[in-house]
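Undergrad: Got a structure here, written out as structure tokens. Questions coming.
The values are calculated or read from the model by the stated rules, or taken from the named source; none is laboratory data. Just so we're clear, the structure is a prediction, and the values are computed from it rather than from any experiment. Cβ placement follows ideal geometry from the backbone for every residue including glycine, while neighbour counts extend to all protein chains displayed. All accessible areas refer to the heavy atoms of the entire protein, side chains included, with ligands and DNA or RNA removed. Shrake-Rupley method; radii C 1.70, N 1.55, O 1.52, S 1.80 Å.
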Amino acid sequence: MILPPLTLTLTLTLTLTASFSIVLRSFLSVWARLHLGYLFFFTGLNRLENWDSQSFLFTEIHPLPFLPPLFSATLTTIGEILLPIFLCIGLGTRFAALGILIMTLTIQFVIGQSDIGQQNNIANPIHYYWIFMSLFLCLEGGSKISLDNLLNRCQKKRNSDKYDESSQKT
């Protein structure tokens, strides 16, 4: 007599835990996407509005040792504007998060560790926070609340409809 209530309790507990995990991961994913998107998008807009100073910044303050200053300024600005848009709407979330991760790793460990970067205090502990959020999004994707998920569900429905049609013909 003890076994059925125990089984029911265990099943209910596991179901609630799994549901809570999905909700928590979705919430964290949306929060990380919007947080990183906001930070990088407005940095990119600021960079675009002050374009004249970018040559100086990428030559003197935080040069990339392996790219010409104008090319790296252009590439960085495009990345800081486009990738956050993809992140915020949840389209290509893993790709966008990977781009943000590469930019953050470059800021922290390439530019921040150079002589000029150390003189200008480019390396900052906040970058580890961004790295963690970017890694989380690379692993988790956009979650249930994303355009990626909506497109994936539509594709699965389309594929199942095609399968149903082909099975009815035979």
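Undergrad: Work out, in µm²/s and without decimals, the Stokes-Einstein translational diffusion coefficient of the chain at 10 °C, 1.306 mPa s, Rh from Kirkwood over C-alpha pairs.
TA: Diffusion coefficient, whole number: 84 µm²/s.
Undergrad: Between Pro65, Ile89, Phe41, whose Cα lies farthest towards the positive end of the dipole of the chain when Lys and Arg beta carbons carry +1 and Asp and Glu beta carbons carry -1, centred on the Cα centre?
TA: Value computed over the given set: Ile89.
Undergrad: With +1 on each Lys and Arg Cβ and -1 on each Asp and Glu Cβ, and nothing else charged, work out how big the dipole of segment 1-143 is about its Cα centre, in Debye to the nearest 20.
TA: Using only the charged Cβ atoms, the result is roughly 480 debye.
Undergrad: Calculate, in nm to one decimal, what Leu48 and Leu75 gain on full extension: separation in residues at 0.36 nm each, minus their alpha carbon distance.
TA: Values: separation 27, 0.36 × 27 = 9.72 nm, distance 1.16 nm.
Once the chain is fully extended between Leu48 and Leu75, it gains 8.6 nm.
Undergrad: Show me the ranking of peptides 81-93, 53-65, 135-147, 113-125 by mean Cβ neighbours inside 10 Å, starting with the highest.
TA: Taking the mean over residues of other Cβ atoms within 10 Å, the ranking is 81-93, 135-147, 53-65, 113-125.
Undergrad: Set the Förster radius R0 to 30 Å, insert the Cβ-Cβ distance between Ser55 and Leu34 as r into 1/(1 + (r/R0)^6), and round the FRET efficiency to 0.05.
TA: Result of the calculation: an efficiency of 0.40.
Undergrad: Suppose only helical runs count, i.e. DSSP H with n ≥ 4. What mean residue ellipticity at 222 nm does that imply for the chain under -39500 (n - 2.57) per run, divided by all residues and rounded to the nearest 500 deg cm²/dmol?
TA: Result for the chain: -25000 deg cm²/dmol, rounded to the nearest 500.
Undergrad: How many nm is it between the label spots at Asn124 and Leu91, if each spot is 7 Å from the Cα in line with the beta carbon?
TA: A separation of 2.9 nm, rounded to one decimal place.
Undergrad: Follow-up. Enter the angle in degrees (range 0 to 90, nearest 10) between the Cα long axis of helix 3-49 and the first principal axis of the Cα atoms of the chain, meaning the one along which they spread out most.
TA: 20
Undergrad: Also, quick follow-up: Report Rg(Cα)/(2.2 N^0.38 Å) for segment 35-101, keeping two decimals.
TA: Cα-based Rg divided by the globular estimate yields 1.13.
Undergrad: Which whole-number value in Å² is the accessible area per residue of the chain, probe 1.4 Å? Before the final figure, lay out the partial values.
TA: Values: 11250 Å² over 170 residues.
Value for the chain: 66 Å² per residue.
Undergrad: What is the calculated FRET efficiency for Ile102 to Ile22, with r their C-beta to C-beta distance and R₀ = 30 Å, to the nearest 0.05?
TA: With a Förster radius of 30 Å, E is 0.55.
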